[in-house]
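Notes follow once the structure below has been shown.
The values are calculated or read from the model by the stated rules, or taken from the named source; none is laboratory data. Keep in mind that this is a model prediction, so the values were computed, not measured. Here Cβ is always computed from backbone atoms with ideal geometry, including for glycine, and neighbour counts include all displayed protein chains.
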Amino acid sequence: MLKLFNTLTGRQEVFEPIEPQNVRMYVCGVTVYDYCHIGHARSALVFDVLRRYLEYSDYAVTFVKNFTDVDDKIIKRANEQGVSCDAVTAKYIQAYHEDMGKLGIRAPTEEPKATEHIADIVRLTERLITKGFAYVVDGDVYFEVSKYPDYGRLSKRRLEDLQAGARVDVDERKHHPMDFALWKSSKPGEPAWESPWGPGRPGWHIECSAMSIRHLGDTFDIHGGGMDLIFPHHENEIAQSCGATGKEFARYWVHNGFVQINKEKMSKSLGNFFTIREIFEKSEWSEAVTGEVLRYFLLSTHYHGPLDFSDQALKEAKNALNGFYDLFARLGETGQGSPETDYSLQFSIGFTQEMFRKGMNDDLNTSVALAELQQLKSSINKLLGQGLSTEARRVAREEFRSLGNCLGLFQLDRWQFVVPVSESLLVNIDETTAVPSTLTDTDIELLLEERKKARSQKDFQRADEIRKSLANQGIIIEDKPDGTARWKR
C-alpha cells in the first residue's frame, strides 16, 4: 500500500484517491524564459516516476503540468532580445520538450499554458472579489490574506510573523504586506488582456489554481512541485482556491528536495549552476552522461532529501548502468539450464518484486528499489555461471524491463545504451516496421567503417543516420569497448 509524505499534514499517509483506481495529479511546471536546469530535471523525474508507479499499481492517472508563459522574467527576456514574448516562450517550450525527451520524461495528459486560460483566471478572480477575499486597487486585484484564517497551514507559518518574500511586491496600497496579486494592470509594452478591472495580465499564483480546477476539478488527489514552491506559491494557491470554492484544494502535497553541486547549494552566483543541456554537452562528461545515466543518478537518492550533483556521482551511475546492460547482453544469448537454477531464478524474481514494491510504497523510495534491482543482478550473474535456459533468460530480461519501466530505466538494448550522448538514446526502433535488408555482408561492413570514421571525427549526426538506417533494415549494432562494432541481422 503506497504511502506518501504529505507536506500539508507533515507526515506519511496511506494514499487513497478520491475515486478508486483513478488519480488526478497536478504539478507546477516551468516559467519558460530560459533553459531548464538540473533542479527542473529532478522535479520532472520525481513526478514522472510517481505517475509510472501509480500506473504500475493499476491506477489510471490524469496528469496535468502547466507552463507559465506570461511573467515579469519573460517580458524582461523579450525586451532584452528585441522579440515578442510569444517568441521567447515558444523557443523555451520547445527546448523543454527536447530536454525532457532526453531524460525519458513522459508527456503529461494535459500541458496547459497560462495564456490559454485567461477567461478561467478572470472568472476565478471575480469569484474571490464577490466572496470578499479580494479587493481592487487602480486596476490591480489583490487577495487579502487576513480574510483566509488558515493562511500558512502548508508552510507552517503564522501570518503575523510573515514578511514580504520572493515575488511579493512592496506596495503601500495593499491591506497587508503579504497580500498577493491576482491580476496586474498593464504597463506600456507589456502583453495584456481585457478584464472587468481594465487591461492587464494574471498574477503568478492564480494561474495554477485556475488551470488545475479547470482540468481536474475543485478538489483533486496530488499537487506536486519543488520545495521552493511551498511558500509563497503553493500557500497562496491553497488560500485562493479554497476561498473561491469552499472546498479542500488538493489532498496530498508532495515536494521534492533541492539539488546541491559538490555539497554547495546550486546558484548562478557561485558559478555552479548547470542547465540540462550543459550537463550533456560538457566535454569531460560527454562520454559518461546519457539520458539514462542522468536519470539513474537522480533516482539514487530519496526524492524528499537534498541531492548532491558531482562528477563522481555521474561516473558511479554510468558504471552501475554498464553492469546492468552487460547482464542484459548475456541474457540475450541462448543457454542451457536445469530445474534447480530455473527455480532459483523464479524465487529471486519473486523476492525482488516484493522488496521493490516495499521500497516504492515507502514514500517512493527509489534508492531502495535500485538496490533491490542491483541485488537481483548479482543473483542472476551467479545463476548464469551455473547455467540458465534460454527461456529463463528471457523471463529475467522481461522482469528488468517491467520493474525498470516504473523508474524509466532498462528499456534499451545494449547497442542503444552504449552510443555517445550526442546520438539519440531514446530512439525506439519499431521492429514491426523494419524491412528485410537487401544489404550484403560486405555492404554492412563498409557502412560500419563509415560510421566508425564519423564517430572518430565527432560527426555523430552521420553516425546516427547509419545506425538508424541499419536498424530499420533489421540489423542490430553492438559497440564494443575497443571502438569496433559487431552486428547481427
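Scanning the stretch 371-402 for residues that are surrounded by fewer than 22 Cβ atoms within 10 Å (Cβ to Cβ), in contact with a Lys or Arg (Cβ under 9 Å, 6 or more places away or on another chain) and within 25 Å of residue 52 (Cα to Cα) yields a count of 1. Reported count of residues in the stretch 185-219, each being small (Gly, Ala, Ser) and buried (at least 22 other Cβ atoms within 10 Å of the Cβ), is 5. Restricting the stretch 133-165 to residues that are in a loop (DSSP other than H, G, I, E, B) and touching a strand residue (DSSP E or B) at 6+ places or on another chain (Cβ under 9 Å) leaves a set whose member that is surrounded by the fewest Cβ atoms within 10 Å (Cβ to Cβ) is 138. Residues in the stretch 347-370 that are part of a helix (DSSP H, G or I), in contact (Cβ under 8 Å) with a residue 40 or more places away in the chain and surrounded by fewer than 17 Cβ atoms within 10 Å (Cβ to Cβ): 353, 367. At least 3 residues being touching a residue at least 60 places away in the same chain (Cβ under 8 Å) and within 21 Å of residue 153 (Cβ to Cβ) is the threshold, and among the strands (runs of 3 or more DSSP E) wholly inside the stretch 182-277 those reaching it are 220-226, 250-256.
The rows are residues; the columns are (1) over 16 Å from the mean Cα position of the chain (by Cα); (2) of a type in the set (D, E, K, R); (3) closer than 30 Å to residue 247 by Cβ.
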{"site": "59", "(1), (2), (3)": "yes, no, yes"}
{"site": "62", "(1), (2), (3)": "no, no, yes"}
{"site": "74", "(1), (2), (3)": "yes, no, no"}
{"site": "81", "(1), (2), (3)": "yes, no, no"}
{"site": "95", "(1), (2), (3)": "no, no, no"}
{"site": "107", "(1), (2), (3)": "no, no, yes"}
{"site": "130", "(1), (2), (3)": "yes, no, yes"}
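Across the stretch 1-42, the qualifying residues are those that are in a loop (DSSP other than H, G, I, E, B) and under 14 Å from the mean Cα position of the chain (by Cα), and the one among them that is surrounded by the most Cβ atoms within 10 Å (Cβ to Cβ) is 29.
Only one entry of 189, 198, 224 meets the criterion of being out of contact with any Cys (no Cβ under 8 Å at 6 or more places or on another chain), at pLDDT 95 or above and not assigned by TED's automatic domain parsing to the domain that holds residue 363, and that entry is 198. I'd like to know if the stretch 109-117 contains one or more residues that are out of contact with any strand residue (DSSP E or B) (no Cβ under 8 Å at 6 or more places or on another chain), touching a residue at least 40 places away in the same chain (Cβ under 8 Å) and of a type outside the set (Ser, Thr, Tyr). For the stretch 109-117, residues out of contact with any strand residue (DSSP E or B) (no Cβ under 8 Å at 6 or more places or on another chain), touching a residue at least 40 places away in the same chain (Cβ under 8 Å) and of a type outside the set (Ser, Thr, Tyr): present.
Residue by residue through the stretch 53-85, note down the ones that are β-branched (Val, Ile, Thr) and in a strand (DSSP E or B). Step through it out loud before you land on a result.
Looking only at the stretch 53-85, we keep the residues that are β-branched (Val, Ile, Thr), and these are 61-62, 64, 68, 70, 74-75, 83.
Those that are β-branched (Val, Ile, Thr) and in a strand (DSSP E or B): 61, 62, 64, 68.
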